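See structure below.
Bear in mind that the values in this text are calculations on the coordinates, not laboratory data. Because the structure is predicted, anything quoted here is derived from the model rather than measured. All Cβ positions, glycine included, derive from the backbone under ideal geometry; neighbour counts span all protein chains shown.
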Amino acid sequence: MNQGSYIFSQLLGFVPKDVFDRIVKKFDGNKYVKSFTCWNQFCVMVYAQLAERESLRDLESVLMHHQSCLHHMGMGRTVCKSTLAYANMNRDPEIFREMALKLVKIARDLRVGRSTELDEFIDGDVYAFDSTTLSLCLSRFPWLKLHHEKAGAKVHTLFDVKTDIPAFFIYTEASLHDSKVMKEVPYVAGSYYVFDRAYMVTPMLYSIHNTYHAYFVVREKSHMRFNVIEDRVVDPNSGVMTDQIIRLDGLKTKYQYPENLRRVTYRDAESENDFVFYTNNRDVSAEQVALLYRYRWRVELFFKWMKQHLHIKEFFGHNENAIQIQIYTAIAAYCIVAIAEHKLNLGRDMYEVLRVLQGSLYEKIPLRDFFEAGRKWQFATDDPTFEGLQLMLNF
């Protein structure tokens with residue numbers, strides 16, 4: 001890359017701008033726009049994510065000190081909070097959702113083949129599906145009322161466990177039950193879908209099995225009625241308590257899921273808690289069923305990562321458009337970092353890459369050299385010898 005480019009500009013180089021322009025044209029996003037285009041808005045919002053800006057005023061204050069850089073960083077000649085707030089509240093969020101989905105596909109394609117423990121026994125893709133709730137101020141977002149004193153929105157995410165990239169996401173009101181979104185998931189035959197107990201919805205699970213020909217692992221709800229068809233032999237030292245073939249016998253469930261299911265009870269040695277899972281796969285071992293469910297925590301870690309290291313708690317606008325645009329640009333920023341980490345072969349954790357980038361977006365140094373210099377500095381600080389001291393003095 002050009003040595004004279006800012007690090008933020010180099011990161012934007014991983015975004016296919018021609019694709020973004022086609023999406024903007026599709027939704028007529030720049031109609032009547034004179035200066036602050038959709039691309040400028042996208043760049044500013046991604047910058048706000050990577051730099052962890054907390055409010056429009058905070059963002060405007062920082063950008064005013066770097067006004068001479070803004071054009072070279074794709075943000076336009078100037079950025080004021082009223083212009084950005086208006087754009088976030090009035091432009092179609094589908095522009096940014098489609099761009100985020102394009103970046104998701106690029107990141108997933110690049111990271112396919114990363115070695116995981118699941119590769120030893122699972123050939124297909126493994127997805128964890130869950131949602132996270134974003135707490136909002138009821139006085140500013142009254143249409144998103146969750147209960148008497150709170151408002152909220154939800155981001156439902158299908159997380160590709162093997163690549164650590166979200167494969168699908170959808171925004172809803174927080175009052176909508178998680179299971180209602182299951183029908184929106186793009187199921188793929190032969191893939192594995194891991195759910196928590198909130199998704200123990202037998203009609204939808206039967207569709208996954210019978211219509212989409214995919215596999216599921218779901219945690220059992222309480223008070224499930226069933227008949228045991230077969231008790232399989234288990235090794236109690238493995239943590240597996242029971243491995244059974246069952247048929248549901250509830251008033252409705254026996255019709256909603258009319259075929260046999262597999263029920264696995266597993267005791268976690270550390271917490272000494274028992275977990276019960278249902279699955280339609282009879283080929284993997286009971287221990288592997290438990291391992292598949294354990295990987296569901298990858299989506300929880302992703303939500304935690306997003307809330308701690310990106311900006312989806314306070315919003316740069318007070319309507320539904322602004323909320324969605326900020327969520328979609330947060331996911332886009334996550335994917336840009338993932339793409340950069342892979343293409344530059346940094347071999348670093350995503351959090352570490354983001355932490356290093358946050359204070360260095362205005363540096364003018366090739367990204368690879370920047371991270372290589374950081375690696376040498378880390379090596380020097382870890383080396384107490386005279387050579388290590390000399391290396392530190394050279395920086």
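Against the chain, whose longest principal axis comes from its Cα atoms, helix 81-90 is set at around 40 degrees. Taking the charge dipole of segment 247-359 about its Cα centre, with +1 at Lys and Arg Cβ atoms and -1 at Asp and Glu Cβ atoms, the residue from Tyr328, Tyr278, Met350 reaching farthest to the positive side is Tyr278.
Can you give the charge dipole size of the chain about its Cα centre, rounded to the nearest 20 debye, using +1 on the beta carbon of Lys and Arg and -1 on the beta carbon of Asp and Glu? Provide the component values of the computation, followed by the final result.
Numbers: 49 positive and 49 negative charges, 316 e Å.
For this selection, approximately 1520 debye.
Against the main long axis of the alpha-carbon atoms of the chain, helix 17-26 sits at an angle near 70°.
Label zone of Glu300 (point 7 Å out along Cα→Cβ, amide N under 20 Å): in segment 153-196 this covers 154-167, 178-179, 193-196. Every Cα-Cα pair of the chain was included, and the share exceeding 33 Å stands at 42 percent.
As a calculated quantity, the FRET efficiency between Glu117 and Glu54 at R0 = 35 Å, using C-beta atoms, amounts to about 0.40.
Once the piece of chain linking Ser271 and Glu94 is laid out straight, how much longer is it, given 0.36 nm per residue of separation minus the C-alpha distance between them?
Roughly 59.4 nm would be gained on extension.
Subtracting the Cα-Cα distance of Ile245 and His71 from their residue separation scaled by 0.36 nm leaves 56.3 nm. Taking Cα centre as origin and charging only the Cβ of basic (Lys, Arg, +1) and acidic (Asp, Glu, -1) residues, the dipole magnitude of segment 200-273 rounds to 420 debye.
Need one number: % antiparallel among DSSP beta bridges in segment 65-194, to the nearest 5. DSSP beta bridges in segment 65-194 are roughly 85 percent antiparallel.
Placing +1 on each Lys and Arg Cβ and -1 on each Asp and Glu Cβ, with no other charges, gives segment 1-68 a dipole about its Cα centre of roughly 340 debye.
For segment 87-212, with the dipole built from +1 on Lys and Arg beta-carbon atoms and -1 on Asp and Glu ones, taken about the Cα centre, which of Val112, Tyr192, Ile165 lies farthest toward the positive end? Working it through, the farthest residue towards the positive pole turns out to be Ile165. Calculated [222 nm] ellipticity per residue, helices only, for the chain: -12500 deg cm²/dmol; basis is -39500 (n - 2.57) per DSSP H run with n ≥ 4, divided by all residues, nearest 500.
Please report the relative contact order for the chain, taking Cα pairs under 8 Å with a sequence separation of at least 6, and give it as a percent rounded to a whole number.
On the way: 625 pairs, mean separation 81.7, N = 395.
Contact order relative to length: 21 percent.
In this label model, Glu372 and His318 are separated by 5.1 nm, measuring between points 7 Å along each Cα→Cβ vector. The calculated FRET efficiency for the pair Thr78 and Glu149, based on their C-beta separation and a Förster distance of 45 Å, comes to about 0.70.
Loop-located trypsin sites (Lys or Arg not before Pro) across segment 202-237 with a Cβ neighbour count of 12 or fewer within 10 Å are Arg225, with loop assigned by DSSP.
Short version: what are the Cα gyration tensor semi-axes of segment 1-136, square root of 5 times each eigenvalue, largest first, in whole Å? The partial results should precede the final answer.
Details: eigenvalues 194, 69, 58 Å².
In descending order, the three semi-axes are 31, 19, 17 Å.
Extending 7 Å from the Cα toward the beta-carbon at both Ser135 and Asn227 defines two label points whose distance is 4.9 nm. The lysines whose alpha-carbon is closer than 26 Å to the alpha-carbon of Lys364, local same-chain residues fewer than 8 away aside, are Lys17, Lys343, Lys376. Axis of helix 94-111 versus longest Cα principal axis of the chain: the two differ by about 70°, to the nearest ten degrees.
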